[in-house]
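Peer 1: Provided herewith is a single structure, encoded as structure tokens, for subsequent inquiry.
Laboratory data are not the source of any read-out in this text; all were calculated from the coordinates shown. Here the structure is a predicted model, which is why all the values come from computation and not from measurement. We place every Cβ from the backbone using ideal geometry, glycine too, and count neighbours over all the protein chains shown.
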Amino acid sequence: MSNIRFDFINENKEARQKERSQLRTSRRVQSLAKRRTEYQSQVQEESKMEEGDEDDFLVRGTGKLQRQTQTIESPSARRQHTRSISYFANSLVESQNVPERVKELLEQLFQGIKLNGYTSYKVIEPTGLIPVLVNFINHPNSSVSALSIEIINLLLLESSDFVTGFINEKIIYALSHKIETAPTELRITVITLIGNIAGDRAETRDYLLGENVVSLIQKLASMYSNVTPMKERLMFLISNLCRGQPFVDLEKVQMLLPYILSSIKQKKFDKIMADALWGFSFIVSNPQNICKFQDSELLETILSCLSTTNNDIIGAILAVLVSYIDNDVSSANWLFEHNVISHLNIIIHSQCDSKTKVHAAFVLSELVLIPNTKVIPTLISNVFVDLPPLISSNYSDFEFKKEIGWLVTNCILSIKSPKELLKLLSIKDFYLMFMLFFDDDNTKFITQLLSCVFILSEFDQKTNFCYHIIDNLQERNLDNILSSFELSKFSSNSLVIEQLNKIKKSMKYVTSSLF
């Protein structure tokens, strides 16, 4: 066994790094970079507000972080909405100095954007609406001001072009002035808007950090220490100021760390804690920052929170854990010694949503690669024994099945002890589970899976076939699957064909029927 080459896992490292990046992106969609404000959806209520009555214009929380799905409309209906938006935008620009028309047009424009589902920057920019909306932020009529901010936020959700357009019109200066005099609810809306700008991309994040946004956060955090909606939006903004690549300069967000860490340690399992964890995960995803956060007490707190059923909290914790596992061996070993495998195993068998279970399996897969000889035996004894029935019951969940496949194949490619490999192969229904992994179209994964077949074939021969490894695989249709790969499914893929050729060469004394 010792002379069997296990270098394929290193050959496939770059491909797996891309897979990691995609998974991290998927995971962090749970913590949206942009969110809607908490504006009331009933526009009929808006029209009842008396002009100048700020207290009636409340911005309340819906708790919804994702954009609402729009009803599918015909192309002609969409064109009509687009024409309406362009019409209202032009009308608003032309009537910006006619007070009795402004509010009505703003309401119509707001509805038009909501109904349209998508508003193109190319439609809005030529109308001159963007600078007009920025000017309306500090309009003396509070309803006009607030509705303008709502419209701006809707447009910021559409594309980065809008973010750039509003920044170029000095929106940050207008918002800074507005927040000094606005009532609390409107301040919350403004912070949401600034948070959406921060979450657009690293460039806008760094722009805000250069505009002294940290001081604004500190001031509002002190003023509203007991106001939950404001604290939620401030943490959303803080999280986005830590987000993105190139990584944020830690020194620029240093003053925000106390808010992040205290919100984690309070363990309230709310939206504030979730965003704090996401913000922290963005910081420690930079390998250069890990050494500054080797705090066992903090890690213990984070690990203990995996017992929650809150998917947002768990997703953020998994993001933190994988950064420690990938970037710091000592922290990875600490996590292993403190039963992280047991916590993750509970998650993959739980009622958590599919994405969360996929990400938990991903973290387990990363653990296989740390230099600790105890990891694989622990996985085999405590996790793998229950995987075959789990995969059978989740067969249609392709992403989960594939991530478990990465876990199993990483383990096979990393095992250096014949005893450990045989223990893995002796698990009830292991071969059935292994063959289910072939029902996948991901070239990187299939290539790694085939490399495992090659290693199993080599081991079977070196042990004089006494463990019937290849026989067990062939009884479960291995030959036909490999033939289909070579003849059709992956016939033009050089990586897959290379692995198939290695398998054919290895198995020539095992069977004459292959291919």
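Peer 1: Name the shape class, rounded, prolate or oblate, that the alpha-carbon gyration tensor gives for region 412-489, where a ≥ b ≥ c are the square roots of its eigenvalues, rounded holds for a/c under 1.5, and otherwise prolate holds if a/b is larger than b/c and oblate otherwise.
Peer 2: prolate
Peer 1: Starting from the Cα of Ser483, move 7 Å in the Cα-to-Cβ direction to define the label point; list residues of region 435-474 whose amide nitrogen is under 17 Å from there.
Peer 2: Those under the cut-off are 471, 473-474.
Peer 1: Cut-off is 10 Å between beta-carbons; in what order do His338, His139 appear when sorted fewest neighbours first?
Peer 2: Least to most surrounded, the residues fall as His338, His139.
Peer 1: Further question on the same structure: Per-residue HN-Hα couplings for region 97-109, Karplus 6.51 cos²θ - 1.76 cosθ + 1.60 at θ = phi - 60°, whole Hz, x for Gly and Pro?
Peer 2: 9, 10, x, 5, 9, 4, 5, 4, 5, 4, 5, 5, 5
Peer 1: Determine the gain in length on full extension of the stretch Thr309-Ser160; use 0.36 nm per residue of separation and subtract their C-alpha separation, reporting nm with one decimal.
Peer 2: 50.2 nm
Peer 1: Further, regarding this structure: Tell me, what HN-Hα J-couplings in whole Hz come from the Karplus equation 6.51 cos²θ - 1.76 cosθ + 1.60 at θ = phi - 60° for each residue of region 187-201, using x for Gly and Pro?
Peer 2: Values, residue by residue: 4, 4, 4, 4, 5, 4, 4, 4, x, 5, 5, 4, x, 5, 5 Hz.
Peer 1: If one computes the Cα centroid of region 281-333 and of region 405-449, what distance in Å separates the two points?
Peer 2: Their Cα centres are 27 Å away from one another.
Peer 1: Using a Förster distance of 22 angstrom, determine the FRET efficiency expected from the C-beta separation of Ser417 and Lys462, and round it to 0.05.
Peer 2: 0.95
Peer 1: In terms of the Cα gyration tensor, with a ≥ b ≥ c the square roots of its eigenvalues, is region 328-473 rounded because a/c is under 1.5, prolate because a/b exceeds b/c, or oblate?
Peer 2: oblate
Peer 1: Run the numbers for Glu251 and Glu300: contour at 0.36 nm per residue of separation, minus the present Cα-Cα distance, in nm.
Peer 2: Extending this stretch completely gives an extra 15.1 nm.
Peer 1: What list do you get for Glu366, Glu399 if you sort them by fewest beta carbons within 10 Å?
Peer 2: Least to most surrounded, the residues fall as Glu399, Glu366.
Peer 1: Ranked highest first by average number of other Cβ atoms within 10 Å, how do 352-365, 470-483 line up?
Peer 2: Going from most to least packed, we get 352-365, 470-483.
Peer 1: Using 0.36 nm per residue of separation minus the Cα-Cα distance, give me the extension gain between Asp386 and Ser491 in nm, one decimal.
Peer 2: 34.3 nm
Peer 1: For region 108-230, what does the alpha-carbon gyration tensor say about shape, rounded, prolate or oblate, given a ≥ b ≥ c as the root eigenvalues, a/c under 1.5 as rounded, and a/b over b/c as prolate?
Peer 2: Prolate is the answer for region 108-230, as a/c is 1.5 or above and a/b outweighs b/c.
Peer 1: Quick one: if you stick a label point 7 Å off each Cα along the C-beta vector at Asn501 and Gln111, how many nm between them?
Peer 2: For the pair Asn501/Gln111, the computed spacing is 6.8 nm.
Peer 1: Which ordering of Lys103, Lys416 is given by a fewest-first count of other beta-carbon atoms within 10 Å?
Peer 2: So the ranking, lowest neighbour count to highest, is Lys416, Lys103.
Peer 1: If you only keep lysine pairs separated by 8 or more in sequence, or across chains, how many in region 75-182 come under 20 Å at the Cα atoms?
Peer 2: Within region 75-182, the lysine pair count is 5.
Peer 1: Nearest 0.05, what FRET efficiency do Thr228 and Lys265 give at R0 = 22 Å with Cβ-Cβ as r?
Peer 2: With a Förster radius of 22 Å, E is 0.80.
Peer 1: Also: Sequence gap at least 6, Cα distance under 8 Å: using those rules, report the relative contact order of region 75-182 to the nearest whole percent.
Peer 2: Once divided by the residue count of region 75-182, the mean separation gives 26 percent.
Peer 1: Listed highest first by mean packing, meaning other Cβ atoms within 10 Å per residue, what order do 153-160, 264-271, 489-496 come in?
Peer 2: 153-160, 264-271, 489-496
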